[in-house]
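Below is one structure, written out as structure tokens; the observations come after it.
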Amino acid sequence: MTSTDDDRPAVLDRLRMPRPVLDALACPVCGAALGPGGNALACSAGHRFDVAREGYAGLLTGHRTAGTGDTKEMVRARQEFQSAGHYAPLADRLAELAAAAARPPLAEGGLVADIGAGTGYYLGAVLDAAPGAWGLALDVSKFALRRAARAHPRAGAAACDTWRGLPLRTGSAAVLLNVFAPRRPAEFHRALGGGGALIVVTPTSRHLAELISNLGLVSVDASKEERLEGGLGAHFSRTHREELDLELSLTPGEAAALVGMGPSARHLETGETAERIAALGDPVAARASFAVAVYRPA
Ligand SMILES: C[S@@+](CC[C@H](N)C(=O)[O-])C[C@H]1O[C@@H](n2cnc3c(N)ncnc32)[C@H](O)[C@@H]1O
Ligand SMILES: [Zn+2]
């Protein structure tokens, strides 16, 4: 007996990824298109990749760069903090900038790829504001991907290590998001295919500065943005830059989540940081400060 349902490859029941997003994926080994191949994803050269039970495509190859993905605890803290809505103004701004910069336009089915997407919070917000657009969350952390696979009905998620390249077909992305995550400019340029834009968010030197010093934690490297410019310059030109500062009023639990999702996460393990947070009172005042920049492919 044959029917359309029986012919449907088994892997598509597990993969939480709309077809237009799957069509944008490239084999991380040879760059060819990927499609369903029985119980896995496969390219025409026979490279095969598993789909995780949680619905994301496992496109990591070889040995991944050690220790770069967010841990389970960091991802849980990120989810907890972001769901409280404190960074919603940044998400809203990214949605506006992405809609303005994407080529093809998001309303015409453009693909938004979020590189180092974490839980997919910003990707979800951009897609909410852009009916017709598709989304792909890329990250190296399986804990992040488990959540990112459910970030939005018009999005899917795939495991990849940015340093090794992007599993995207050349020119498949209309806009790239890169929020507090690693960058690989030549690959970003290739994925955009000479059109669209890359939107990068980095912390300014004011980002969480008082909170960090009050808690005796790791401070933001102020020269980071300069290095960012240097790295992107060969492939992109910056067409826009703005800073967005947010005055935050946090519960002690939210302050702990904010610390726990960042580079100081391990300090929470000792309990000393939690004590210091408690000593700051309730609510805890903090300032988030972002630099948001739009880059066009050169
Ligand atoms: C600071 S978090 C930002 C997450 C998300 N963009 C956000 O702002 O909520 C950095 C993310 O980059 C991911 N990441 C780190 N190294 C990576 C790599 N080499 N390739 C892909 N993702 C990576 C981490 O797992 C983490 O989810
Ligand atoms: Zn291949």
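The values are calculated or read from the model by the stated rules, or taken from the named source; none is laboratory data. Because the structure is predicted, anything quoted here is derived from the model rather than measured. Note that each Cβ is placed from the backbone with ideal geometry, even for glycine, and that neighbours are counted across all protein chains shown. Accessible surface areas use protein heavy atoms only, side chains included; no ligands, DNA or RNA. Shrake-Rupley method; radii C 1.70, N 1.55, O 1.52, S 1.80 Å.
So here's what we get for this one:
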read-out: Phe180 being among the hydrophobic types (A, V, I, L, M, F, W, C), buried (at least 24 other Cβ atoms within 10 Å of the Cβ) and closer than 21 Å to Phe236 by Cα; value: no
read-out: Members of the range 86-144 that are acidic (Asp, Glu) and over 13 Å from Asn178 (Cα atoms); value: Asp92, Glu96, Glu108, Asp128
read-out: Meets criteria (within 11 Å of ligand 2 (Cβ to nearest atom) and at pLDDT 95 or above) for Leu22; value: no
read-out: The range 35-55 residues that are touching a residue at least 12 places away in the same chain (Cβ under 8 Å), paired with ones that are open to solvent by 50 Å² or more (accessible area, probe 1.4 Å) and within 16 Å of ligand 1 (Cβ to nearest atom) (beta carbon under 7 Å, 6 or more apart); value: Glu54/Arg146
read-out: Some residue of the range 90-109 being farther than 25 Å from Phe188 by Cβ and either buried (at least 18 other Cβ atoms within 10 Å of the Cβ) or touching a Leu at 6+ places or on another chain (Cβ under 8 Å) (or both); value: no
read-out: Residue list for the range 142-164, filter: open to solvent by 10 Å² or more (accessible area, probe 1.4 Å) and under 17 Å from Ala24 (Cβ atoms); value: Ala151, His152, Pro153, Arg154, Thr162
read-out: Selection status of Pro89, in contact with a strand residue (DSSP E or B) (Cβ under 9 Å, 6 or more places away or on another chain) and either assigned to a helix (DSSP H, G or I) or within 16 Å of ligand 2 (Cβ to nearest atom) (or both); value: yes
read-out: So Ala40, is it within 16 Å of ligand 2 (Cβ to nearest atom) and modelled with pLDDT of 95 or more; value: yes
read-out: Residues that are of a type in the set (Gly, Ala, Ser), modelled with pLDDT of 90 or more and closer than 25 Å to Ala255 by Cα, drawn from the range 186-226; value: Ser205, Ala209, Ser213
read-out: Residue in the range 27-35 that is within 16 Å of ligand 1 (Cβ to nearest atom) and either modelled with pLDDT of 95 or more or crowded, with 18+ Cβ neighbours inside 10 Å (or both) present; value: yes
read-out: Those residues of the range 36-50 which are under 16 Å from Ala159 (Cα atoms) and open to solvent by 50 Å² or more (accessible area, probe 1.4 Å), in sequence order; value: His47, Arg48, Asp50
read-out: Cross-chain or 6+ apart pairs with Cβ under 6 Å, the range 163-182 first and β-branched (Val, Ile, Thr), then near ligand 1 (Cβ under 8 Å from one of its atoms) and open to solvent by less than 10 Å² (accessible area, probe 1.4 Å); value: Val179/Val201
read-out: Unmet requirement for Ala173, which otherwise passes all of (1) crowded, with 24+ Cβ neighbours inside 10 Å; (2) touching a Pro at 6+ places or on another chain (Cβ under 8 Å); value: (2)
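Here is a yes/no grid of residues against (1) modelled with pLDDT under 95; (2) touching a Cys at 6+ places or on another chain (Cβ under 8 Å); (3) open to solvent by 50 Å² or more (accessible area, probe 1.4 Å):
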{"site": "Pro18", "(1), (2), (3)": "no, no, no"}
{"site": "Ala52", "(1), (2), (3)": "no, no, no"}
{"site": "Ala66", "(1), (2), (3)": "yes, no, yes"}
{"site": "Lys72", "(1), (2), (3)": "no, no, yes"}
